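A.B. asks: A single structure is presented below for examination.
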Amino acid sequence: MTLHRSLRATLLALPLAGALTAGLAVPAGATPPAIPDASTAKSWLAELTVAPEGSMDGYDREKFPHWSEGAENCDTREAVLKRDGENVQTGSDCYPTSGTWNSPYDGGSWTKPSDVDIDHVVPLAAAWRSGAAQWTQQQREAFANDLESPQLIAVTDNINQEKGDQTPDQWMPSKTDYHCTYASMWVASKHKYELTITDAEKGALNTALGTC
């Protein structure tokens with residue numbers, strides 16, 4: 001049984017309502033899938049539990065196994081590069097040999113995949129502080145490799161590194177016209193995985209959704 005199939009079977013048995021599917025098939029389109037419209041995002045934001053952030057005690061990125069092997073010999077990173085790029089050509093190992101990647105966070109355009117990072121919209125550490133510390137490792141793997149939600153996106157590498165594990169009250173994309181989309185993606189991920197938000201985070205998200 002492949003990891004793809006075993007992971008899907010495991011997830012279907014998990015109690016976490018938000019992690020019902022985290023298949024590694026590459027969705028169509030050049031943007032993350034399932035971005036809610038502004039009205040839906042505002043509704044979902046109102047449903048999120050407001051709570052102080054938890055601690056970083058026990059956190060380790062290795063507790064979120066990521067870039068799992070998926071369909072067509074592609075791992076998750078390769079699948080997102082293939083999905084989010086333009087005119088992407090890949091070798092037999094699925095790694096891109098050519099293509100163009102346009103970063104919506106800052107407007108950067110890149111032709112080398114090494115200049116591109118795959119951003120976890122809700123960073124792994126931020127998820128840990130808002131509920132993921134209580135998950136099983138299988139649930140964290142599902143979150144870290146979720147191609148069926150707007151949780152993964154190809155962006156300029158140094159912009160992703162600048163963002164780090166900051167929440168929207170601490171960091172937003174430099175392109176202000178992307179704030180609505182970014183907030184919608186953030187809310188969708190937190191809603192799916194039943195993660196909490198802080199008061200400051202909720203305020204920043206409401207402001208961003210007000211620009212839609």
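A.B. asks: Which percent of the accessible heavy-atom area of the chain goes to carbon and sulfur, probe 1.4 angstrom?
C.D. replies: 49
A.B. asks: Under a point spin-label approximation (7 Å from Cα along Cα-to-Cβ), what is the Ala200-Ala34 distance to one decimal in nm?
C.D. replies: 3.0
A.B. asks: May I pose another question? Highest first, please rank the peptides 41-48, 184-191, 118-125, 64-71 by the mean number of other Cβ atoms sitting within 10 Å of their residues.
C.D. replies: 184-191, 118-125, 64-71, 41-48
A.B. asks: Here is a follow-up. What FRET efficiency would be calculated for the residue pair Ala71, Ser114, taking the C-beta separation as r and a Förster radius of 22 Å, to the nearest 0.05?
C.D. replies: Once the sixth-power term is evaluated, E becomes 0.40.
A.B. asks: What distance in nm separates the simple spin-label points at Lys175 and Ser43, each placed 7 Å from Cα in the Cβ direction?
C.D. replies: With each label point 7 Å from Cα toward Cβ, the separation is 2.8 nm.
A.B. asks: Could you work out the relative contact order of the chain, using alpha carbon pairs under 8 angstrom and six or more residues apart, expressed as a whole percent?
C.D. replies: RCO, the chain: 31 percent.
A.B. asks: Right, something else. If N is the number of residues in region 98-146, what value comes out of its Cα radius of gyration divided by 2.2 N^0.38 Å?
C.D. replies: Its radius of gyration relative to the 2.2 N^0.38 Å reference: 1.49.
A.B. asks: Between Thr100 and Thr211, what is the FRET efficiency for a Förster distance of 35 Å, r being their Cβ-Cβ separation, to the nearest 0.05?
C.D. replies: Efficiency, from the Cβ-Cβ distance: 0.80.
A.B. asks: Of the DSSP beta bridges with both residues in the chain, give the percent that are antiparallel, rounding to the nearest 5.
C.D. replies: 90
A.B. asks: Farthest toward the dipole's positive end in the chain, which of Ala34, Ile153, Trp101, given Cβ charges of +1 (Lys, Arg) and -1 (Asp, Glu) about the Cα centre?
C.D. replies: Positive-most Cα among the choices belongs to Ala34.
A.B. asks: Rounded, prolate or oblate: which fits region 55-114, taking a ≥ b ≥ c as square roots of the Cα gyration tensor eigenvalues, rounded meaning a/c under 1.5, else prolate when a/b beats b/c?
C.D. replies: oblate
A.B. asks: Taking the structure as given and computing Rg/Rh (Cα atoms, Kirkwood Rh), which label from (1) 1.04; (2) 1.08; (3) 0.95 fits?
C.D. replies: Derived directly from the coordinates: (3).
A.B. asks: Now for a separate question. Note down the magnitude of the dipole of the chain about its Cα centre, charges +1 on Lys and Arg C-beta and -1 on Asp and Glu C-beta and zero elsewhere, to the nearest 20 debye.
C.D. replies: 400
A.B. asks: By the scheme Lys and Arg +1, Asp and Glu -1, what is the net charge of all other residues having a beta-carbon under 12 Å from that of Leu209?
C.D. replies: +1
A.B. asks: Can you flag which of Lys42/Lys163; Lys163/Lys202; Lys112/Lys202; Lys42/Lys112; Lys42/Lys175 are past 28 Å Cα-Cα?
C.D. replies: In this structure, Lys112/Lys202; Lys42/Lys112 lie more than 28 Å apart at Cα.
A.B. asks: Here's another thing I want to ask about it. Can you list, bin by bin at 5 Å, the percent of alpha carbon pairs in region 102-200, starting at 0?
C.D. replies: 2, 13, 25, 25, 19, 11, 4, 1
The values are calculated or read from the model by the stated rules, or taken from the named source; none is laboratory data. Predicted, not measured: the structure shown is a model, and the values here were computed from it. Using ideal geometry, Cβ is built from the backbone for each residue, glycine included, and neighbour counts are taken over all protein chains shown. SASA here: full protein model, heavy atoms, side chains in, ligands and nucleic acids out. Shrake-Rupley method; radii C 1.70, N 1.55, O 1.52, S 1.80 Å.
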